Ligand SMILES: NC(=O)c1ccc[n+]([C@@H]2O[C@H](COP(=O)([O-])OP(=O)(O)OC[C@H]3O[C@@H](n4cnc5c(N)ncnc54)[C@H](OP(=O)(O)O)[C@@H]3O)[C@@H](O)[C@H]2O)c1
Ligand SMILES: *[C@@H]1O[C@H](CO)[C@@H](O)[C@H](O)[C@H]1NC(C)=O
């Protein structure tokens, strides 16, 4: 019981710490018109951060910005448009600086056997990977100045081979390679910009109902906390990500088998 009490106390302190840490900080959240990104914007607003949200649908972003202002954001702005390898961060809008860049958007893909469409992979890489790279490059001078943070939202499908998500998985693995290598270089060069890679299990964003997904509000908070505390990686839900990943390097065939079993039970492919 005492251990449990201490744990709760520690978790609470941690929460307060990250809550306070973001007051007045300038944060960009991409893909914030819906889903986990939208919830991150609301948490940041409650924490008193200056938020800038992006996505393609301006009407939805407008509503998110209004809600952010109601919730107490230092300021709230939007930039609409599709993201690609050309994209520069809109950080200059945030009174010239940036403390945290949360890269979260994803393009639409299919849930089925790989259909051989190479163009789709190219397009998805542009949205899910190259735009992350381009925005990081353009934000880096500002992040170096502030000692800021980059938060990259990935998935279990970016750590383990999952069936029926070949294009998506490819783009998420690419993020791990790029950002984990970059983190090493930052460390060697004493660049004080943290990189947090977030490994998520299924989250309830209203699309999949059968996999007993975890709540997007809590997920969004865990991501922000991990970024504020400059963690290397975030695992949410922990038991569905970190624990299976322990198998990955020691019993890869077993993990592959369990993943296949899971899909057989939970969701047969459409095609
Ligand atoms: N939900 C899950 O179960 C789950 C599991 C593991 C990992 N994740 C990861 O968590 C992150 C958020 O997922 P989510 O489920 O919240 O996604 P979502 O609800 O589908 O939202 C995606 C966001 O990206 C924007 N977007 C889509 N295409 C875009 C483009 N070409 N250019 C710019 N913005 C674009 C969308 O807005 P517009 O359509 O208005 O552009 C939307 O705001 C993603 O990185 C995803 O891979 C999610
Ligand atoms: C790096 O940046 C963080 C957050 O801005 C700051 O707390 C820390 O002191 C910085 N570290 C160094 C070595 O400058």
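The values are calculated or read from the model by the stated rules, or taken from the named source; none is laboratory data. Just so it is clear, the structure is predicted and the values come from calculations on it, not from any experiment. When we count neighbours, we look across all protein chains shown, and the Cβ atoms used for this are built from the backbone with ideal geometry, even at glycine.
Of the residues that sit in the range 192-211 and are more than 7 Å from ligand 1 (Cβ to nearest atom) and either over 29 Å from residue 146 (Cβ atoms) or modelled with pLDDT under 95 (or both), which one is nearest to the chain's Cα centre (by Cα)? Give the steps one after another, and end with the answer.
As a first pass, look at the range 192-211 and keep what is more than 7 Å from ligand 1 (Cβ to nearest atom): 192-199, 204, 206, 209-211.
Now drop any that are not either over 29 Å from residue 146 (Cβ atoms) or modelled with pLDDT under 95 (or both), which leaves 204, 206, 209-211.
Values: 204: 14, 206: 17, 209: 21, 210: 22, 211: 20 Å.
So the residue we want is 204.
Quick check: anything in the range 247-258 assigned to a loop (DSSP other than H, G, I, E, B), at pLDDT below 95, in contact with a strand residue (DSSP E or B) (Cβ under 8 Å, 6 or more places away or on another chain) and within 18 Å of residue 162 (Cβ to Cβ)?
no
List the number of the failed condition for residue 111; all other conditions in (1) modelled with pLDDT of 95 or more; (2) not in a helix (DSSP H, G or I) hold.
Condition (1) is where residue 111 drops out.
Looking only at the range 86-108, which residues are within 13 Å of ligand 1 (Cβ to nearest atom), touching a residue at least 12 places away in the same chain (Cβ under 8 Å), assigned to a loop (DSSP other than H, G, I, E, B) and closer than 23 Å to residue 199 by Cα?
Passing the criteria: 104, 105, 106, 107.
In the range 183-225, which residue that is touching a residue at least 40 places away in the same chain (Cβ under 8 Å), assigned to a helix (DSSP H, G or I) and within 16 Å of ligand 2 (Cβ to nearest atom) is surrounded by the fewest Cβ atoms within 10 Å (Cβ to Cβ)?
183
Within the range 50-58, does at least one residue satisfy the condition of being surrounded by 13 or more Cβ atoms within 10 Å (Cβ to Cβ), within 16 Å of ligand 2 (Cβ to nearest atom) and either modelled with pLDDT of 95 or more or under 17 Å from the mean Cα position of the chain (by Cα) (or both)?
Among the residues of the range 50-58, at least one is surrounded by 13 or more Cβ atoms within 10 Å (Cβ to Cβ), within 16 Å of ligand 2 (Cβ to nearest atom) and either modelled with pLDDT of 95 or more or under 17 Å from the mean Cα position of the chain (by Cα) (or both), which makes the answer yes.
Give the residue that is farthest from ligand 2 (Cβ to nearest atom), with candidates limited to residues of the range 125-152 that are surrounded by fewer than 20 Cβ atoms within 10 Å (Cβ to Cβ) and either free of Cβ contacts under 8 Å to residues at least 24 places away in the same chain or under 12 Å from residue 109 (Cβ atoms) (or both).
125
Only one of 221, 200 is in contact with a helix residue (DSSP H, G or I) (Cβ under 8 Å, 6 or more places away or on another chain) and over 22 Å from residue 171 (Cβ atoms). Can you tell me which?
Step by step, each of 221, 200 is checked, and only 221 is in contact with a helix residue (DSSP H, G or I) (Cβ under 8 Å, 6 or more places away or on another chain) and over 22 Å from residue 171 (Cβ atoms).
Quick one: is residue 131 within 10 Å of ligand 1 (Cβ to nearest atom) and assigned to a helix (DSSP H, G or I)?
On the way: within 10 Å of ligand 1 (Cβ to nearest atom): yes; assigned to a helix (DSSP H, G or I): yes.
Yes; evaluated as a whole, the condition is true for this residue.
Looking only at the range 153-164, decide whether some residue is part of a helix (DSSP H, G or I), in contact with a helix residue (DSSP H, G or I) (Cβ under 6 Å, 6 or more places away or on another chain), away from ligand 2 (no atom under 16 Å from the Cβ) and free of Cβ contacts under 8 Å to residues at least 60 places away in the same chain. Break it down into steps so the answer makes sense when it comes.
Filtering the range 153-164 down to residues part of a helix (DSSP H, G or I) leaves 156-158.
With in contact with a helix residue (DSSP H, G or I) (Cβ under 6 Å, 6 or more places away or on another chain) added as a condition, the list becomes 156-158.
Cutting the leftovers down to away from ligand 2 (no atom under 16 Å from the Cβ) gives us 156-158.
Narrowing the set further to residues that are free of Cβ contacts under 8 Å to residues at least 60 places away in the same chain leaves 157-158.
Checking the range 153-164: at least one residue is part of a helix (DSSP H, G or I), in contact with a helix residue (DSSP H, G or I) (Cβ under 6 Å, 6 or more places away or on another chain), away from ligand 2 (no atom under 16 Å from the Cβ) and free of Cβ contacts under 8 Å to residues at least 60 places away in the same chain.
Among the listed residues 173, 178, identify the single one that is under 14 Å from the mean Cα position of the chain (by Cα) and within 16 Å of ligand 1 (Cβ to nearest atom). If you could, list the steps in order and put the result at the bottom.
Values: 178 fails: under 14 Å from the mean Cα position of the chain (by Cα).
None of the others qualify; the one that does is 173.
Go through the range 22-38 and report how many residues are farther than 19 Å from residue 79 by Cβ and more than 16 Å from ligand 2 (Cβ to nearest atom). Walk me through it before giving the result.
Narrowing the range 22-38 to residues farther than 19 Å from residue 79 by Cβ: 22-24.
Applying the additional criterion that residues be more than 16 Å from ligand 2 (Cβ to nearest atom) yields none.
Residues in the range 22-38 being farther than 19 Å from residue 79 by Cβ and more than 16 Å from ligand 2 (Cβ to nearest atom): 0 in total.
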